[in-house]
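Here the structure comes first, spelled out in structure tokens, and everything after it is commentary.
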Amino acid sequence: MTTASGQPLLQLDHVTRSFDVGGKRALMAVRNLSLHIQPGEVVGLVGESGSGKSTIGRMAIALLPPTEGQVRFDGSDLASMAPADLRRLRQRMQIIFQDPWGALNPRHTIGRLMEEPLLLHTSLTAQQRREEVVAMAQRMQLGLPLLERYPAQLSGGQLQRVCIGRALATKPDLLVLDEPTSSLDVSVRAGILQLLDTLRRETGVAMLFISHDLETIHALCDRVVVLYLGCEVESGPVESVFKSPAHPYTQALLSAQLFADPAVKTERQHLRGEIPSPLAAPPGCPFSTRCPMYETRCDAGLPAMRLDSAGMHGARCIRLAPDRFQITTGAN
Ligand SMILES: Nc1ncnc2c1ncn2[C@@H]1O[C@H](COP(=O)(O)OP(=O)(O)OP(=O)(O)O)[C@@H](O)[C@H]1O
Ligand code: SF4
Ligand SMILES: [Mg+2]
């Protein structure tokens, strides 16, 4: 699938985002990140708390501008768009947050909440909107009696289905999902993930799926980007990254999780210590303070991204197997 512009649907090029945190200090939340999403593709973003996942998600849908670099949607640079064009474009990109309770007005019925985006963004008649809401509820596997109820009368899983239905109502091309199941009971998570997988196949919507949970990423995504202290340390097709992770951080993350599939188990390695504050990031490789393979050369600067011969799987580490990762990109 291609976009009208022939460009990737979402394109982050050398994006950096810092925040002023008082005095003369700036906190570098995202460093020199490049990420592309094609139409219909599902890309996972994984990393520990504070690694910059939500900041990237917000930049991807123009809720936050980058400090440096460019964010383009279907070829258009979001920073240089006129406000009216940006408003129109926003209908093509939607976000689902972790907390469905906070995302919905508690004084409106579920039916009204699901009708809202149709009222705002379409010229459908009242009858057409009602039919659309019923169809949406059925697609989200929500019983029709729920349309008369209020958010407080629904479970977290049901509310997250309402949020997903609302986000898809305007038929967006991109859905950013920021930890959409982490506030829900384990028992309802699988149902939501199954729904997302079905919707992705039925609607062709592309997704940027943010999660701490590698197992979820493995189940849902085509590609994965592993973040550490705001830097992309490894990325590639999910099968390749999970079967043969190259970066010591990805290896540690994978071995810390229990997978149902023994084929993706790796030798257990423990992550030592805590992720440093972005205000005290190490000078060279961001992972150097916890890396079991650290040597003084690692302090020389942010390691360049090196790719495998297919140009699909890459990592930033000076100790990658040279026969597997040969191509150095310009993405320093
Ligand atoms: N508005 C802000 N002002 C100052 N610092 C911020 C702001 N937003 C984010 N940060 C900082 O930027 C870094 C990245 O934050 P972000 O929320 O993107 O991480 P995250 O990976 O989504 O974490 P979590 O898994 O906890 O949601 C953190 O150190 C955070 O404290
Ligand atoms: S560059 Fe050095 S510290 Fe960083 S991951 Fe590779 S071996 Fe570890
Ligand atoms: Mg977050």
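The values are calculated or read from the model by the stated rules, or taken from the named source; none is laboratory data. These numbers were taken from a predicted model, which means no experiment stands behind them. A quick note on method: Cβ atoms are made from the backbone with ideal geometry, for glycine too, and the neighbour counts reach across all protein chains shown.
Report every pair of residues separated by at least 6 positions or lying on different chains whose Cβ atoms are under 9 Å apart, first residue within region 188-205 and closer than 11 Å to R161 by Cα, second aromatic (F, W, Y).
So the pair list comes out as L196/F209.
Could you please find all residues in region 283-321 being among the charged types (D, E, K, R) and in a loop (DSSP other than H, G, I, E, B)?
Within region 283-321, R290, E295, R316, R319 meet the criteria.
State whether the residues of region 286-302 include one that is among the charged types (D, E, K, R) and within 16 Å of V225 (Cβ to Cβ).
So far as region 286-302 goes, no, none of its residues is among the charged types (D, E, K, R) and within 16 Å of V225 (Cβ to Cβ).
Only residues that are more than 14 Å from Q11 (Cβ to Cβ) and touching a residue at least 24 places away in the same chain (Cβ under 8 Å): list them for region 74-91, please.
Selection gives L86, R90, Q91.
Between a residue in region 225-253 that is assigned to a helix (DSSP H, G or I) and any residue that is modelled with pLDDT of 95 or more and among the β-branched types (V, I, T), which pairs come within a Cβ distance under 6 Å, given they are 6 or more apart or on different chains?
Once the first residue is assigned to a helix (DSSP H, G or I) and sits in region 225-253, its partners that are modelled with pLDDT of 95 or more and among the β-branched types (V, I, T) give V238/V224; V241/V224; Y249/V233; T250/V226.
Suppose we keep only residues that are surrounded by fewer than 22 Cβ atoms within 10 Å (Cβ to Cβ), among the small types (G, A, S) and more than 11 Å from ligand 1 (Cβ to nearest atom) within region 17-64. Which one would you say is farthest from T203 (Cα to Cα)?
Residue satisfying both the conditions and the ranking: G23.
Considering every residue within region 10-20, establish whether at least one is in a strand (DSSP E or B), more than 16 Å from ligand 2 (Cβ to nearest atom) and over 27 Å from Y249 (Cβ atoms).
yes
Restricting to region 51-71, count the residues that are farther than 15 Å from V225 by Cα and within 16 Å of ligand 3 (Cβ to nearest atom).
5
Step by step: first the residues of region 147-187, then only those that are touching a residue at least 12 places away in the same chain (Cβ under 8 Å) and among the β-branched types (V, I, T), then the one that is nearest to ligand 1 (Cβ to nearest atom). Which residue is that?
It comes out as V176.
Going by what's in this entry, would V176 be described as part of a helix (DSSP H, G or I) and out of contact with any Pro (no Cβ under 6 Å at 6 or more places or on another chain)?
When the stated conditions are applied, V176 does not pass them.
Given the conditions (1) closer than 18 Å to V162 by Cβ; (2) within 16 Å of ligand 2 (Cβ to nearest atom), and given that V233 satisfies all but one, which numbered condition is not satisfied?
Tallying (1) closer than 18 Å to V162 by Cβ; (2) within 16 Å of ligand 2 (Cβ to nearest atom), V233 fails exactly one: (1).
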